[in-house]
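To start, the structure itself, in structure tokens.
The values are calculated or read from the model by the stated rules, or taken from the named source; none is laboratory data. It should be emphasised that the depicted structure is a prediction, and the values quoted were computed from it without experimental measurement. Neighbour counts run over all protein chains shown; Cβ positions are idealised from the backbone, glycine included. Quick note on the areas: whole protein, heavy atoms, side chains included, nothing else; ligands and nucleic acids left out. Shrake-Rupley method; radii C 1.70, N 1.55, O 1.52, S 1.80 Å.
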Amino acid sequence: MRKQHRVSLVVAVCAAATASSGGLLAPAHATPTATQRDGPDIEELSGEEIAAKASAELNSAHSVRVRMKAPDLRLDLALDEKANCSGKVGVPGKGSVQLVKHGDTIWIKPNAAFWKAQLGPEQGAAAAEKFKGRYIKGSAENDDLGGKGLATACDLDAFRAASGVRDTPGPRWKRGDEGSVQGHRSIPVTRAQKKARVTMHVSTEGKPYPLRLERKAGRNHDEINLGRFDRPVPRATPPKDRTITVDQLRRHFGGSQREEPPSESV
């Protein structure tokens, strides 16, 4: 099977997912303390204090929903500290995949645009029809299904690290005027980072969760929305009668002429 026939677009998608945030948060090794969680209302705090509280909340969360919109990436994933995840990942103009990862096993369901981007219009349309509604199942170590890049994208700890580990402190956070994000009252805090401007919108309702992370550099504008903190990642996995294995997919592209793709053996 030629390289472009493989589903390895997920590698690039997931690598981008863990790198595009550009270090928006304070260092991920910081842990919440009683002082950080208690004390004055967030509206009374400085930008540095607000950023510290928001980082503490993200760093202590067990799971979160990450929705990202960037020029070369669309992502909507629920992920946790055990690297389980469920959601959708895509690249504009190149299609998307539904993604489920539980333990060391992953399932992906490409859409028609994905198949066409990988195989070309005619072969892609045929593959999309052939495998319509079916998930491809394999090991999280399998390079055809993203390999370590996929496992990293599903890992909350990796996301936190990519979002903020810095050996040296950056410029100070400056607070802005109160606004709203996704229907929740929030306060933005902003700082410069290299040639970019990064902003974190922090909830003023309940816990000071970071609701949105933004990075602007020239014409580039990346945006990450966060929510559903500490809500478990859905545990349901695709049924066997709607699943094929990577080996079965390889055999199909290797010349199999079977009328219907086989389901996973029970």
Task: Scan of segment 72-91 for residues that are at pLDDT below 90 and assigned to a loop (DSSP other than H, G, I, E, B), ordered by number - done: Asp72
TODO: Output yes when any residue across segment 135-149 is more than 17 Å from Gln248 (Cα to Cα), out of contact with any strand residue (DSSP E or B) (no Cβ under 6 Å at 6 or more places or on another chain), assigned to a helix (DSSP H, G or I) and open to solvent by less than 10 Å² (accessible area, probe 1.4 Å), and no when none is.
DONE: yes
TODO: Within segment 187-198, track down each residue that is under 23 Å from the mean Cα position of the chain (by Cα), more than 10 Å from Ile50 (Cα to Cα) and open to solvent by 20 Å² or more (accessible area, probe 1.4 Å).
DONE: Thr190, Gln193, Arg197
TODO: Search segment 189-208 for residues that are farther than 16 Å from Glu178 by Cα and pair each with any residue that is surrounded by fewer than 17 Cβ atoms within 10 Å (Cβ to Cβ) and hydrophobic (A, V, I, L, M, F, W, C) when their beta-carbon atoms are under 9 Å apart and the residues are at least 6 apart or on different chains.
DONE: Gln193/Ala217; Lys194/Ala217; Lys195/Ala217; Ala196/Ala217; Arg197/Ala217; Val198/Ala192
Task: Residue satisfying condition, being in a strand (DSSP E or B), surrounded by fewer than 16 Cβ atoms within 10 Å (Cβ to Cβ) and not aliphatic (A, V, I, L, M), within set Lys132, Lys69 - done: Lys69
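Here's the yes/no breakdown for (1) in contact with a helix residue (DSSP H, G or I) (Cβ under 9 Å, 6 or more places away or on another chain); (2) in a strand (DSSP E or B); (3) at pLDDT 90 or above:
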{"residue": "Leu213", "(1), (2), (3)": "yes, yes, yes"}
{"residue": "Asp222", "(1), (2), (3)": "no, yes, no"}
{"residue": "Arg231", "(1), (2), (3)": "no, no, yes"}
{"residue": "Ala236", "(1), (2), (3)": "no, no, yes"}
{"residue": "Asp247", "(1), (2), (3)": "no, no, no"}
{"residue": "Arg250", "(1), (2), (3)": "yes, no, no"}
{"residue": "Ser256", "(1), (2), (3)": "yes, no, no"}
Open item on the list: Just to be sure before I move on: is Val89 of a type in the set (A, V, I, L, M), more than 18 Å from Thr199 (Cβ to Cβ) and in contact with a strand residue (DSSP E or B) (Cβ under 6 Å, 6 or more places away or on another chain) in the structure I sent?
Closed with: yes
